[in-house]
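FYI, it's all coordinate maths here, none of it is from the lab. As the structure is a prediction and not an experimental result, all values here were calculated from the model. A quick note on method: Cβ atoms are made from the backbone with ideal geometry, for glycine too, and the neighbour counts reach across all protein chains shown.
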């Protein structure tokens, strides 16, 4: 079976790992997933991630972040743009996720950016997902 939406698969694996209270999870690697993980770590949703070489495809090992009380840093993670319905927004149409409490990840001509970075740089693009 071929995967049509690797980002949706990544988000679902993260969601499932959090529900199962796992400390880390492994996903098949790609450049796009690496960039998504970089943004998640920069925004404080992941403790970290590591790329593990492999044949034919490498693996990304994600380390999930929890509070001292055991609450996950990610309480909601959802794909916005889907293969059947792509969602594109101009720089002016990018609204803050949860009034700035959440993060949107946007695929732009300048690479993957958070919604705030995209607004700051005045670029639009495909809204991949929202996290809070």
Order by protection proxy (mean Cβ within 10 Å, highest first), peptides 112-121, 86-95: 112-121, 86-95
Kirkwood Rh in Å, taken over all unlike Cα pairs in region 6-64: 11.4 Å
Computed [θ] at 222 nm, helices only, for the chain once each DSSP H run of length n ≥ 4 contributes -39500 (n - 2.57): -7500 deg cm²/dmol
Whole-number percent relative contact order across region 77-131, with pairs defined as alpha carbons under 8 Å at least 6 apart: 48 percent
Degrees separating the helix 6-19 axis from the principal Cα axis of the chain, which is the longest one: 60 degrees
Rel. contact order, % - alpha carbon contacts under 8 angstrom, at least six apart, region 2-84: 31 percent
Where only C-alpha atoms are counted, convex hull volume of region 77-131 per residue in Å³: 68 Å³
0 to 90° range, to nearest 10: angle between helix 31-42 axis and the chain longest Cα axis: 90 degrees
Hydrodynamic radius by Kirkwood, which averages 1/r over all alpha carbon pairs of the chain, in angstrom: 15.3 Å
Residue 23 paired with residue 76, simple spin-label distance in nm, labels 7 Å along Cα-to-beta-carbon: 3.0 nm
Peptides 7-14, 65-72 ordered by average Cβ neighbours within 10 Å, highest first: 7-14, 65-72
Protection-proxy order for peptides 98-104, 36-42, 17-23, each taking the mean of Cβ atoms within 10 Å per residue, highest first: 36-42, 98-104, 17-23
